[in-house]
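Participant: Encoded as structure tokens, here's the structure I'll be asking about.
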Amino acid sequence: MIIVLIVAAALGIGFIVSLAIQTMATKAAPRRRLAMQRVSFTVLILGAFALGTACSTTTHKSTSAKKPVGYVKRAIFTTAIKKREPTNNISELSNDQQKIYYFTDLRGMQGQKVKHRWIYKGKVMAEVEFNVKGPRWRAYSSKWLKRGWLGDWTVSTVDRRGRTLSRNRFSYTQATGFFGKAGKLYDELFGED
């Protein structure tokens with residue numbers, strides 16, 4: 001900002017000098033008038049160029065500091081991870097299964113910390129933090145679900161500033177058939193929520 005003010009002041013002085021040269025040029029001989037006009041024009045062009053350069057440099061520095069770095073390429077719910085990759089992509093899980101994974105493929109976030117935030121009925125049920133150690137980093141967290149925690153779940157990927165990078169939902173539903181009845185009986189006998 002200071003550079004812009006200095007260059008603006010120099011441009012203003014250059015403009016005043018240019019006007020003075022123009023005024024003197026009107027009283028001078030034709031050849032001398034042409035030379036003075038060229039000097040005046042050159043002073044104005046150089047001042048405008050210097051101001052433009054200072055503004056573009058200052059603007060570049062301020063916007064590059066605010067530019068967000070990194071993103072989530074993939075965010076997937078799955079029932080298993082094999083060789084650091086999800087085995088399937090689900091949006092619903094029945095309560096005859098109790099473990100679910102949230103997989104994220106992070107890009108351009110090397111050196112940053114990221115969290116998976118598991119939310120159920122507006123309450124944060126878990127947060128798992130990761131240190132991203134490469135330009136492409138695959139991270140996953142898992143959650144054991146009680147059979148009674150039916151309904152919609154949300155998992156967000158959050159950076160260190162609290163900015164949400166991804167948000168996904170899945171439904172945890174009542175199982176049907178034998179496993180659904182067996183799970184319900186188990187809950188009644190042992191009082192699981």
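Participant: Looking at the structure I just gave you, is K82 assigned by TED's automatic domain parsing to the domain that holds G151 and touching a residue at least 40 places away in the same chain (Cβ under 8 Å)? Before you say what the answer is, go through the steps one by one.
Facilitator: Working: assigned by TED's automatic domain parsing to the domain that holds G151: yes; touching a residue at least 40 places away in the same chain (Cβ under 8 Å): no.
Answer is no for this residue.
Participant: May I pose another question? Which of the residues belonging to the range 105-132 are within 15 Å of the chain's Cα centre (by Cα) and assigned to a strand (DSSP E or B)? Before you say what the answer is, go through the steps one by one.
Facilitator: Here is the first cut: in the range 105-132, the ones within 15 Å of the chain's Cα centre (by Cα) are 105-115, 132.
Of everything in the range 105-132, those that are within 15 Å of the chain's Cα centre (by Cα) and assigned to a strand (DSSP E or B) turn out to be D105, L106, R107, K113, V114, K115.
Participant: At pLDDT 65 or above and either exposed (fewer than 14 other Cβ atoms within 10 Å of the Cβ) or not assigned by TED's automatic domain parsing to the domain that holds T154 (or both): is that true of V43 in this structure?
Facilitator: Numbers: at pLDDT 65 or above: no; either exposed (fewer than 14 other Cβ atoms within 10 Å of the Cβ) or not assigned by TED's automatic domain parsing to the domain that holds T154 (or both): yes.
Here the answer is no, as V43 does not meet what is asked.
Participant: Here are some conditions: (1) in contact (Cβ under 8 Å) with a residue 12 or more places away in the chain; (2) charged (D, E, K, R); (3) surrounded by fewer than 18 Cβ atoms within 10 Å (Cβ to Cβ); (4) under 19 Å from S166 (Cα atoms). K123 meets all but one. Which one does it not meet?
Facilitator: Of (1) in contact (Cβ under 8 Å) with a residue 12 or more places away in the chain; (2) charged (D, E, K, R); (3) surrounded by fewer than 18 Cβ atoms within 10 Å (Cβ to Cβ); (4) under 19 Å from S166 (Cα atoms), only one is false for K123: (1).
Participant: Turning to a different aspect of this structure: Check off (1) surrounded by 14 or more Cβ atoms within 10 Å (Cβ to Cβ); (2) over 23 Å from the mean Cα position of the chain (by Cα); (3) of a type outside the set (S, T, N, Q) for G151 and give me the number that stays unchecked.
Facilitator: Single failed check for G151: (1).
Participant: Right, here's the next one. Mind telling me which of the residues A75, A65 ends up being within 23 Å of the chain's Cα centre (by Cα), under 20 Å from M109 (Cβ atoms) and at pLDDT 65 or above?
Facilitator: Result: A75 is the single residue among A75, A65 that is within 23 Å of the chain's Cα centre (by Cα), under 20 Å from M109 (Cβ atoms) and at pLDDT 65 or above.
The values are calculated or read from the model by the stated rules, or taken from the named source; none is laboratory data. Predicted model, so just to flag it, every value in this text is computed and none were measured. Here Cβ is always computed from backbone atoms with ideal geometry, including for glycine, and neighbour counts include all displayed protein chains.
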